[in-house]
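Encoded as structure tokens, the structure appears first; notes follow it.
Read the figures in this text as sums done on the coordinates, not as results from a lab. Keep in mind it's a predicted model, so treat the numbers as computed, not measured. In this analysis, Cβ positions are derived from the backbone assuming ideal geometry, glycine residues included, and neighbour counts consider all displayed protein chains.
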Amino acid sequence: MWPFNARTKYPAISVEQAGTLLQTTEHCKSLSAVTYDYIVVGGGTAGCCLAARLSEDPSVSVLVLERGGVHDIWSSRIPLISSNPTDKSNPIFRSPSAPLEAAEGQIVDIIHAQTLGGGSSVNGLLVTRGAVGDFDNWAALGHPSWDYASLNPYFIKSEKSLSHHSNDRGYSGPWVNQTVTDLPFKVQRKVKDAAIAFGLADVTNLNSPTIPVDVCAMVDAAIDEDRRRVSTYHAFLPAETVQKRRDHLKICINAVATRIRLDAGVAVGVEFGSSQLTEEPVAHTYYAQARKEIVICCGALGSPQLLLLSGIGRKEDLDEHGIETAVDLPGVGAHLQDHAGLPIMYEVPLEDTMLHIANSAWKGLLEFGKYMFARKGMLGSIVSPLTIFAHSSHLDEKTAKVISPIPAAAPGSNRPDLEIMPIAYWCAEAPPYKIKIGVFSFLLCVVQPKSLGSVRLASRDPHARPIVDLGFLSNPEDFVLFRKGVTLALRLAEEVHRQGYPMKKLQVPTSESKSDVDDYIRANIRTCYHYASTCRMARREDGGVVNDELEVYGVRGLRVCDTSVFPCITSSHTMAPAVVVAEKCADMMKKRM
């Protein structure tokens with residue numbers, strides 16, 4: 001029985017096995033290097049899916065270069081434990097953001113998942129496709145082959161839904177998910193009742209293309225029949241699959257790409273080294289060539305960094321670090337989007353929160369036993385099994401109830417611009433002390449943000465993390481959305497209290513005046529870790545980095561495939577859309593084989 005059953009050792013290779021030692025940067029011109037058909041740089045959420053699909057053809061050789069290792073200890077499969085971003089056993093690297101100028105100069109933690117499977121190995125497990133309007137908006141922006149109708153077959157292809165069997169859901173794909181149907185805390189059940197009373201639709205299949213915009217729904221999560229996390233590593237590149245394909249699929253772990261090698265405008269290879277910093281005076285560099293294509297799948301923070309290190313980006317930025325410009329492409333690292341979050345928190349009974357586990361050894365042991373022996377209880381669930389989506393123009397200004405009939409004239413009203421996750425836990429950036437009380441949070445997210453940030457090089461050192469300016473609140477229109485979301489959260493709390501549930505204000509705006517609410521937003525804004533759009537699909541003259549085939553402008557044989565290519569961020573959690581980008585990218589590449 002898992003976790004006690006024997007496991008297949010993961011058949012990964014080292015940097016020494018993956019490439020040829022490079023003596024100088026010019027050496028690769030005369031080098032007889034190790035060569036593959038395709039090199040996938042980054043084995044994260046999208047990279048695992050892409051590599052698996054490309055290597056389905058045994059005549060094609062594929063190399064994956066992953067900066068992290070293989071994180072497959074027993075706790076990495078337990079949903080609640082593996083999704084804790086503060087747990088030091090999880091493969092997460094933190095770096096500080098640039099100061100948020102519009103938010104009192106705050107510095108927030110930027111999270112980098114450093115393991116095979118990437119963010120899908122450590123995130124909140126939420127499988128949300130996004131609204132039909134999200135992808136139809138991509139088509140309206142000039143990308144007709146990226147509308148919902150075109151992408152829906154890829155959503156279906158990737159998934160195995162344990163909860164839904166309809167024409168719009170997949171049930172034979174490798175990526176298992178199911179709807180989490182239980183709400184373990186009374187306060188969440190009360191919030192659901194309040195939301196439905198406000199006119200939000202009670203939805204059982206959040207990923208159906210026919211649901212309304214304004215919903216209160218139980219979510220789908222990447223959890224299998226045994227209540228284990230299913231990352232894209234587990235779904236697409238498990239040890240058994242890699243072992244069967246070992247002759248033509250190589251997974252190189254602990255490898256950091258340092259540069260994409262270009263020759264006469266063609267991407268011909270990748271220079272890389274060990275990501276494990278040592279005390280050796282000289283760090284060895286290795287080189288691998290690509291016969292056909294190189295695909296960068298390093299995420300919305302890592303992909304622009306690698307392009308910049310390779311001389312692809314805004315010339316002024318490259319000159320600042322002494323990097324010769326190969327392609328002057330100003331859009332690289334620009335247009336960063338993230339779902340900015342705002343916690344509104346209340347004190348509730350301790351036993352009605354996840355904090356009960358942390359404060360009671362007996363409760364912790366009980367939940368551990370329930371999970372290990374019966375696959376039940378909190379450890380097999382997720383932090384946010386219930387969520388609320390709405391468009392702000394559909395809500396009454398004072399009561400926050402859904403207006404009937406719903407107005408549809410507002411721009412983007414065919415997709416939500418607000419999300420509220422009711423979470424029985426502390427959701428601010430970091431607690432000021434060990435929490436001994438029960439805390440319940442309405443985690444408000446603006447999911448159609450107008451504010452833009454950027455990713456820039458900190459130095460020429462590929463081991464250094466880039467400078468990430470999230471740009472939160474730089475566009476005043478986001479304040480308008482936050483204010484409407486705050487009103488919704490406060491009205492829901494009032495309704496729950498009216499129903500007789502004990503809720504005491506813990507961290508809320510001083511008053512509902514515009515100035516007090518805005519001050520609260522500035523002081524408490526946080527990231528939701530949904531970084532996107534830094535190498536986006538758009539016309540080159542409009543700041544785009546890739547075309548609709550995900551090919552980098554000005555370079556042949558080089559694509560980007562991850563959330564960085566989103567023309568604009570989706571109004572949902574980004575894991576499922578990242579997988580769909582990889583599925584579509586694989587198909588486009590296969591057509592050229």
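Got the relative contact order for segment 450-593 handy, in percent, Cα pairs under 8 Å and 6 or more residues apart? Write down the numbers at each step before the final one.
Numbers: 147 pairs, mean separation 19.5, N = 144.
With pairs under 8 Å counted, the relative contact order is 14 percent.
Nearest 20 debye, what's the magnitude of the dipole of segment 306-381 about its Cα centre given +1 on Lys and Arg Cβ and -1 on Asp and Glu Cβ?
Computed charge dipole of segment 306-381: roughly 720 debye.
Could you work out the helix-only [θ] at 222 nm for the chain, with each DSSP H run of four or more residues adding -39,500 (n - 2.57) and the total divided by the number of residues, to the nearest 500 deg cm²/dmol?
Details: 15 runs with 146 residues, N = 593.
Computed ellipticity for the chain at 222 nm equals -7000 deg cm²/dmol.
What list of ³J(HN,Hα) values in whole Hz, one per residue of segment 134-143 in order, does the Karplus curve 6.51 cos²θ - 1.76 cosθ + 1.60 (θ = phi - 60°) give from phi, with Gly and Pro shown as x?
Those phi angles translate into 4, 7, 5, 5, 4, 4, 5, 7, x, 10 Hz.
Of MET503, MET421, how do they rank once you tally other Cβ atoms within 10 Å and put the fewest first? Intermediate results must be reported in sequence, preceding the final value.
Details: MET503 17, MET421 23.
Fewest-to-most ranking of MET503, MET421: MET503, MET421.
If you count the DSSP beta bridges with both ends in the chain, what percent of them are antiparallel, to the nearest 5? Working shown, then result.
Numbers: 61 of 91 bridges.
Counting only bridges with both partners in the chain, antiparallel ones make up about 65 percent.
Regarding segment 543-593, what are the three Cα extents along the principal axes, ordered largest first, in Å?
Extents along the principal axes, in whole Å: 32, 26, 11.
Counting other Cβ atoms within 10 Å, which trypsin sites (Lys or Arg not before Pro) in segment 374-475 have at most 10 and lie in a DSSP loop?
Details: sites: ARG375, LYS376, LYS398, LYS401, LYS434, LYS436, LYS450, ARG456, ARG460; in loops: ARG375, LYS376, LYS398, LYS401, LYS434, LYS436, LYS450, ARG460.
For trypsin sites (Lys or Arg not before Pro) across segment 374-475 that sit outside H, G, I, E and B with at most 10 neighbouring Cβ atoms in 10 Å, the list reads LYS398, LYS434, LYS436.
Would you give the gap between the C-alpha center of segment 223-262 and the C-alpha center of segment 12-91, rounded to a whole Å?
After rounding, the separation between the Cα centres reads 7 Å.
List, in the order given, every pair from LYS192/LYS450; LYS436/LYS505; LYS250/LYS590; LYS450/LYS590 whose Cα-Cα distance in the structure shown is over 27 Å.
Beyond 27 Å: LYS192/LYS450; LYS450/LYS590.
If you average over every viewing direction, what projected area does the convex hull of the Cα atoms of segment 298-396 give, in nm²?
Numbers: hull surface 50.3 nm².
Value for segment 298-396: 12.6 nm².
Taking H as built 1.01 Å from N, whose amide H comes closer than 5 Å to the amide H of GLY341, not counting residues under 5 places away?
Sorted by chain and number, the residues that satisfy this are ARG526, THR527, CYS528.
With just the Cα atoms defining each centre, how far is segment 535-554 from segment 383-410? Give it in Å.
If you average the Cα positions of each part, the centres end up 34 Å apart.
Kindly provide log₁₀ I(q)/I(0) values, in the same order as q = 0.09, 0.11 Å⁻¹, from the Debye equation applied to equal alpha-carbon scatterers of segment 38-168.
So the normalised log intensities work out to -0.40, -0.60.
In the set (1) 26.1; (2) 39.9; (3) 32.3, which value of mean projected area of the Cα convex hull in nm² was calculated from the structure you see?
Read-out taken from this structure: (1).
Cα extents of segment 171-213 along the three principal axes, largest first, in whole Å?
36, 26, 9
Normalising by the residue count of the chain, find the relative contact order in percent from Cα pairs under 8 Å and 6+ residues apart.
Numbers: 1392 pairs, mean separation 125.9, N = 593.
Taking the mean separation of contacting Cα pairs over the length of the chain, I get 21 percent.
Test of understanding: given the chain, find the longest segment containing no GluC sites (Glu not before Pro) that are in a DSSP loop and have at most 15 other Cβ atoms within 10 Å. List each step's numbers first, then the result.
Working: sites that count: GLU26, GLU56, GLU101, GLU104, GLU225, GLU279, GLU324, GLU397, GLU429, GLU512, GLU549.
In the chain, the maximal stretch lacking such sites is 105-224.
I'm a student and want to see the number: the projected area of the Cα convex hull of segment 225-349, averaged over all directions, in nm². Before the final figure, lay out the partial values.
Working: hull surface 58.9 nm².
With the hull built on Cα positions only, its mean projection is 14.7 nm².
Please go through segment 408-451 and write out the chymotrypsin sites (Phe, Trp or Tyr not before Pro) that DSSP classes as loop and that have at most 14 other C-beta atoms within 10 Å. Present the calculation step by step, with values, prior to reporting the outcome.
On the way: sites: TYR425, TRP426, TYR433, PHE440, PHE442; in loops: TYR425, TRP426, TYR433.
When the chymotrypsin sites (Phe, Trp or Tyr not before Pro) of segment 408-451 are filtered for loop state and at most 14 Cβ neighbours within 10 Å, TYR433 remain.
Return a whole-number percent for the relative contact order of segment 189-294, with Cα pairs under 8 Å and 6 or more residues apart as the contact set. Please list the in-between numbers first.
On the way: 103 pairs, mean separation 14.3, N = 106.
Across segment 189-294, relative contact order equals 13 percent.
Along each principal axis of its Cα atoms, how long is segment 449-593 end to end? Whole angstroms, biggest number first, please.
Projected onto its principal axes, the Cα set of segment 449-593 covers 64, 34, 31 Å.
For the residues TYR38, TYR233, what sequence is obtained by ranking on other C-beta atoms within 10 Å, fewest first?
Values: TYR38 24, TYR233 31.
Placing the least packed residue first, the sequence is TYR38, TYR233.
Evaluate the charge dipole of the chain about its Cα centre and quote only its size in Debye, nearest 20, assuming +1 on the Cβ of each Lys and Arg and -1 on the Cβ of each Asp and Glu.
Working: 60 positive and 65 negative charges, 287 e Å.
For this selection, approximately 1380 debye.
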